[in-house]
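In what follows, a single structure is set out as structure tokens and then discussed.
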Amino acid sequence: MLDKLASAWRGGLTLQRAAAAAWRRVRSVPEALSYRLQSGPGSANHGKLRACHDRHRGQRCFVLGNGPSLAKTDLSRISGEVSFGLNRIYLLFEETPFRPTYHVCMNDLVLQQSAEEIDRLQMPRFLNWRQRKLFSQGADIAFLRETYWPRFSTDLLSGVWGGATVTFVALQIAYFMGFDEVVLLGVDHHFSSTGTPHQATTSNGKEASHFHPDYFPKGYRWQLPDLETSELAYRMARRAFEADGRRIVDATSGGHLTVFPKADLDQLIP
């Protein structure tokens, strides 16, 4: 046990991070109660999520990360496929006619600062229930409750763990919707910025770890990455999919992620 604690400490666990995690769990108790009262069985939001179950049973989908490699990927090749775009994917829309089938965003800072842009999107969206007041309550927006216990959720109605990356949330959604195969694109799993994981910082406009130069423009608030927790989450996702006879493959060009089997987009889409 002491060895594990020492390893966690060397891996970036600090009193500040531990206290923040504990506070999030305490804060989630009234949040969970409020969610159940407002979005539990019988509510419109509950109905939207329930209707998603097995909607795409047996199909394939693509989950598009936000790494630099995405800008070098010809997304027109997957225009006939079901796909999930994440966070600020819409920054690509001026450069390509491609549009993802679904949009997912859970990060509070992104939702708060980009609410107007996200609210104007024309595809079904899965957003963080905490920020629901920033968005319209249209039929094409479903709100997810974020939980703080590390797990891979197979049931969106019980909430989802963030796993330190919206890609992990998209994988939980894809599982619930019944996809047999998920292909990752643009999940570079590498950041030029360093520092305490999850620490909020202000962009200087020179951050180059995403597909668009203005992904985090100067003055935009964002949180430093936690690749270690992301890898833990990804391993959970792989186990869940493979235990059910399904699979996740990584077709990211030059990506640093090693959790999933690699795939060649040219082989997947001749």
Exercise. Taking the condition more than 29 Å from D155 (Cβ to Cβ), acidic (D, E) and modelled with pLDDT of 95 or more, does D264 pass?
Worked result: yes
Problem set entry | Those residues of the range 165-214 which are among the aliphatic types (A, V, I, L, M) and modelled with pLDDT of 95 or more, in sequence order | V166, V169, A170, L171, I173, A174, M177, V182, V183, L184, L185, V187
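Restricting the search to the range 259-270, which residues are in contact (Cβ under 8 Å) with a residue 24 or more places away in the chain and part of a loop (DSSP other than H, G, I, E, B)?
Matches in the range 259-270: V259, F260, A263, I269.
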Exercise. Among the residues of the range 179-191, is any over 30 Å from E31 (Cα atoms), assigned to a strand (DSSP E or B) and among the charged types (D, E, K, R)?
Worked result: yes
Exercise. Just to be sure, is L127 buried (at least 17 other Cβ atoms within 10 Å of the Cβ) and more than 17 Å from the chain's Cα centre (by Cα)?
Worked result: no
Exercise. Condition test on A174, is it closer than 21 Å to T229 by Cβ and buried (at least 23 other Cβ atoms within 10 Å of the Cβ)?
Worked result: yes
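Restricting the search to the range 45-65, which residues are surrounded by 12 or more Cβ atoms within 10 Å (Cβ to Cβ), not in a loop (DSSP other than H, G, I, E, B) and not aromatic (F, W, Y)? Walk me through how you get there before you give the answer.
Taking the range 45-65 first, the residues surrounded by 12 or more Cβ atoms within 10 Å (Cβ to Cβ) are 45-50, 52-53, 55-56, 59-65.
In the following step, the residues that additionally are not in a loop (DSSP other than H, G, I, E, B) were identified as 45-50, 52, 60-64.
Across the range 45-65, the qualifying residues are N45, H46, G47, K48, L49, R50, C52, R60, C61, V63, L64.
Among what's in the range 239-258 and is in contact with a strand residue (DSSP E or B) (Cβ under 9 Å, 6 or more places away or on another chain) and in a helix (DSSP H, G or I), pick the residue that is surrounded by the fewest Cβ atoms within 10 Å (Cβ to Cβ).
Filtering the range 239-258 for residues in contact with a strand residue (DSSP E or B) (Cβ under 9 Å, 6 or more places away or on another chain) gives 241-242, 246-253, 255, 257-258.
Still in the running and in a helix (DSSP H, G or I): 241-242.
Numbers: F241: 21, E242: 11.
Within the range 239-258, the match that is surrounded by the fewest Cβ atoms within 10 Å (Cβ to Cβ) is E242.
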Exercise. Across the range 74-95, which residue is surrounded by the fewest Cβ atoms within 10 Å (Cβ to Cβ) among those that are farther than 28 Å from D108 by Cβ and out of contact with any helix residue (DSSP H, G or I) (no Cβ under 9 Å at 6 or more places or on another chain)?
Worked result: G80
For this session: Enumerate the pairs (first residue in the range 78-98 and touching a residue at least 12 places away in the same chain (Cβ under 8 Å); second residue anywhere and surrounded by fewer than 14 Cβ atoms within 10 Å (Cβ to Cβ) and assigned to a loop (DSSP other than H, G, I, E, B)) with beta-carbon separation below 7 Å, excluding pairs fewer than 6 apart on the same chain, so at least 6 apart or on different chains.
Result: L91/D214; F98/S79
For this session: Exactly one condition in (1) within 27 Å of E181 (Cβ to Cβ); (2) part of a loop (DSSP other than H, G, I, E, B) is not met by G138; state its number.
Result: (1)
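Pull up the range 200-213, narrow it to residues that are touching a residue at least 24 places away in the same chain (Cβ under 8 Å) and surrounded by fewer than 13 Cβ atoms within 10 Å (Cβ to Cβ), then point me to the one that is nearest to L64 (Cα to Cα).
Filtering the range 200-213 for residues touching a residue at least 24 places away in the same chain (Cβ under 8 Å) gives 200, 208-212.
Still in the list and also surrounded by fewer than 13 Cβ atoms within 10 Å (Cβ to Cβ): 200, 208.
Values: A200: 24, A208: 17 Å.
Top of the filtered list is A208.
The values are calculated or read from the model by the stated rules, or taken from the named source; none is laboratory data. In this text the structure is predicted, and so the values were computed from the model without any measurement. In this analysis, Cβ positions are derived from the backbone assuming ideal geometry, glycine residues included, and neighbour counts consider all displayed protein chains.
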